[in-house]
1. Can you give me the long-range amide H partners of residue 12? Hydrogens built in the peptide plane at 1.01 Å from N, cutoff under 5 Å, separation of 5 or more residues or another chain.
2. Report relative contact order for the chain in percent, whole number only (criteria: Cα-Cα under 8 Å, sequence separation at least 6).
3. How would you order 72-84, 122-134, 12-24 from highest to lowest mean count of nearby Cβ atoms within 10 Å?
4. Evaluate E = 1/(1 + (r/R0)^6) for residue 10 and residue 54, where r is the Cβ-Cβ distance and R0 equals 22 Å; express this FRET efficiency to the nearest 0.05.
5. For region 8-51, what is the relative contact order in percent, using Cα pairs closer than 8 Å and at least 6 residues apart in sequence?
6. Quick check: residue separation of residue 74 and residue 46 times 0.36 nm, minus the Cα distance between them. What number comes out in nm?
7. Compute the distance in nm between two label points, each set 7 Å from the Cα along the Cα-to-Cβ direction, one at residue 99 and one at residue 19.
8. What is region 1-85's relative contact order, in percent, from Cα pairs under 8 angstrom and six or more apart in sequence?
Amino acid sequence: MAVDPRVDPAVSVVFVCHDGHGRVLLARRGAGARDEPGTWDTGAGALEHGESFADAVRREVREEYTADALDVETIDVRNVLRAGSHWVAVLNAVRVDPEAAAIGEPHKFDELGWFPLDALPSPLHSQLPATIEAFARWVRSNG
């Protein structure tokens, strides 16, 4: 499926869900995913008009993973330029209860898994390495 072409920059909230004990939650993108089906990725979604970053993250985590965001912290912002689109990605670290996580959007994802940062599955979504690098920096700085 083609990437949604955007002329003007749009804002997305990207979130790395973690369990607070070194594992991150990744979803394998299914056949109905917007791009790169079959790859593993964190969650993300577009910021809606009037919504705060944290509220957008909480909404998206519930939609994608059926879990409540227990802690939300913005950890990075970056420009993502791909195939005619420009997204301003606001990256967040989000602690969730692993027992509460499930696939909330089966038309987009076909598998979930918890992984330590040094044992991620493959193949990875093309944007995931930069996201994981920023998350790893945040983990190191928060001891």
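1. HN-HN under 5 Å from residue 12: 47, 88, 89, 90.
2. On the way: 297 pairs, mean separation 46.3, N = 143.
Relative contact order for the chain comes out at 32 percent.
3. 12-24, 122-134, 72-84
4. Working: r = 18 Å, r/R0 = 0.83.
Taking R0 as 22 Å, the efficiency between residue 10 and residue 54 is 0.75.
5. Relative CO of region 8-51 lands at 43 percent.
6. On the way: separation 28, 0.36 × 28 = 10.08 nm, distance 1.52 nm.
Stretched out fully, the residue 74 to residue 46 stretch lengthens by 8.6 nm.
7. Here the modelled spin labels are 1.2 nm apart.
8. Working: 102 pairs, mean separation 26.8, N = 85.
Reported relative contact order: 32 percent.
We did not get these values from a lab; they are worked out from the coordinates using the rules stated. Values in this document were obtained by computation on a predicted structure and should not be read as measured data. For neighbour counting, all protein chains shown are included, and Cβ atoms are generated from backbone atoms with ideal geometry for every residue, glycine included.
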